[in-house]
Amino acid sequence: MFLSVFDLFKIGIGPSSSHTMGPMTAARRFLDEIAGDDWPRPAGAKVERIAVSLHGSLAYTGIGHGTDRAVILGLAGETPVTVDPDLADGVIGKIKAEGRIFPPGHPSYRFDPSADLVLDKKTPLPGHANGMAFYAYDSDDRLLLKRIYYSIGGGFVVSEEELQRMKTRAAAPAGPKVPYPFRNAVEMLDMARRSGLSIAEMKRVNEEIHMPREELDAGLDRIWDAMRSCIERGLSQDGIMPGGLKVRRRARMLHDKLQEQWSQNRPNPLLANDWLSIYAMAVNEENAAGGRVVTAPTNGAAGTLPAVLRYWLHFHPEADQPSIRDFLLTAAAVGGIIKTNASISGAEVGCQGEVGSASAMAAAGLCAVMGGSPEQVENAAEIALEHHLGMTCDPVGGLVQVPCIERNALGAVKAVTAASLAIKGDGTHFVPLDAAIETMRQTGMDMNERYKETSLGGLAVNVVEC
């Protein structure tokens, strides 16, 4: 299946792509199904009430991740791209007060979040850790339609049938065939050698099968604009982040201190690392507050790649708009390989699949724009991913704050280090990227469920106990 750059980089709201953006999209899909004619509806039956149950990781950390809010907003007709974070509380408050939803193009439906939105921690759904079931009832509370969806990371949502086809690799290719259909790093490097093209150039050719060059470039610029705006907004905000942990925003304060040092020309051997960390923290503080971010490849890992790209623009005078596009295209090529062969879902493989993948994508993108060959780019991605293997997903209080915000900063630092190491070599290295990706998949399958976004182990329990 072809994964576009816009599949990996989606604009939406925080704090979680799998717990916020995915469920919101699933709610919209259910509304579309209700309105359609592709389900057996008894003669004269009309949908009067809607109910939802959240399962697995969505149930365990749904409140902290804002899954309940996302479902309500989705049933109200909102989408991750168009929802206004500043108006969300008002929309949710109205629905809770009236016990009804009024999605555009639909009649109103009864929906009382206190009764009709259930976090079911006892009944996991078999397909994926992020499962949810939607129900439609008539006026006699007779079940008319039930649909199960899975939020599989990065804002991707699939039905039961779609997930089964994915697992059996029986899904038909999406859209026309592409000239460079690499599914893994070995194929990617082989195609690069035979074509004489860079990874970004091959990815561009593939994308342009689906859209004109002008549209592709405009979309890439829009992604970076959203990332840059998120950094700038994060650097301008302060105060306590929502959720109850009383974690204070730090990016603005640290930024002000760094600006002061910068203006005084004081020597600072850690200057680049400091800027990287602050940029990443700014994004993930925005994400934790429910602001607008870009999945890169997930919301929980949304700060790593923008921080590295902003570092490129800050410290490298040769950086320009075309290099930003090449960075994103290269990163998306690597992200697509990881998603195809392993996972980018913290609920499926732990945080190695989120920040680990983000760091690998960022390392690849940076190495490419620094002039790295395809072999060096693959090496950079492998170094970054290898040194995130085994990383658990254990958010304290079920919130995307601790350790997530600082973890993105360290992922950015690792990405830059990996790119620097790789570009100083010739691309020859011991561990192939494909081996690191397969190791991540196997490690994720072996990882105890307590360490996969359930907040039942790791820091999530030990910090509270302390």
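Using the charge dipole of the chain (Lys, Arg: +1 at Cβ; Asp, Glu: -1 at Cβ; taken about the Cα centre), state which of Gly99, Val81, Ile324 has its Cα farthest towards the positive end. With unit charges placed on the Cβ atoms, the residue in question is Gly99. Measuring between their Cα centroids, the range 407-436 and the range 1-64 lie 36 Å from each other.
The orientation-averaged projection of the convex hull spanning the C-alpha atoms of the range 259-398 amounts to 9.6 square nanometres. Over the range 189-304, the reciprocal of the mean inverse Cα-Cα separation, the Kirkwood hydrodynamic radius, stands at 16.7 Å. Evaluate the Debye formula for the range 355-466 with equal point scatterers sitting on the alpha carbons, no solvent, and hand back log10 of I(q)/I(0) at q = 0.10 Å⁻¹, in q order, two decimals. Scattering profile of the range 355-466, log10 relative to I(0): -0.33. For the range 19-104, what percent of Cα pairs sit more than 20 Å apart? Pairs farther apart than 20 Å: 37 percent. For Lys452, the aspartates and glutamates whose Cα falls under 20 Å of its own Cα, not counting residues fewer than eight places away in the same chain, are Asp68, Asp120, Glu348, Glu354, Glu386, Asp394, Glu406, Glu438, Glu465. For the range 400-466, trypsin sites (Lys or Arg not before Pro) meeting the loop criterion (DSSP other than H, G, I, E, B) and having at most 10 other Cβ atoms within 10 Å: Lys424. The range 262-306 and the range 128-153 have their alpha-carbon centroids 37 Å apart. Heavy atoms of the protein chains alone define the surface here; on that basis the range 184-294 has 50 Å² accessible area per residue at 1.4 Å probe size. Only Lys, Arg, Asp and Glu carry charge here, each on its Cβ (+1 for the first two, -1 for the last two); on that basis the range 251-311 has a dipole of about 80 debye about its Cα centre. Matching the structure-derived semi-axes √(5λ) of the Cα gyration tensor in Å against the labelled list (1) 35, 25, 24; (2) 36, 26, 20; (3) 43, 23, 22 gives the label (2).
Shown is the FRET efficiency for His210 and Asp86, computed with R0 = 22 Å from the Cβ-Cβ distance and rounded to the nearest 0.05: 0.10. Note that the range 134-150 has calculated 3J(HN,Hα) couplings of 10, 10, 10, 10, 8, 5, 9, 6, 8, 5, 9, 8, 10, 9, 10, 10, 10 Hz, one per residue in order, obtained from phi through the Karplus relation 6.51 cos²θ - 1.76 cosθ + 1.60 (θ = phi - 60°); glycine and proline are x. Calculate the tail of P(r) for the range 123-170: the fraction of all Cα-Cα distances greater than 11 Å, expressed in %. Tail fraction, whole percent: 69. Taking 0.36 nm per residue of separation and subtracting the current Cα-Cα distance, fully stretching the chain between Lys121 and Gln237 would add 38.2 nm. Taking the 1.4 Å solvent-accessible surface of the chain as the whole, the part contributed by carbon and sulfur is 53%. Summary of the geometry: the range 340-378 and the range 72-120, compared by the centres of their Cα atoms, lie 36 Å apart.
The values are calculated or read from the model by the stated rules, or taken from the named source; none is laboratory data. Given the structure is predicted, the values throughout are model-derived calculations rather than measurements. Neighbour counts are summed over all protein chains in view; Cβ atoms, including those assigned to glycine, are modelled from backbone coordinates with ideal geometry. These area figures cover heavy atoms from the full protein model, side chains too; ligands, DNA and RNA do not enter into them. Shrake-Rupley method; radii C 1.70, N 1.55, O 1.52, S 1.80 Å.
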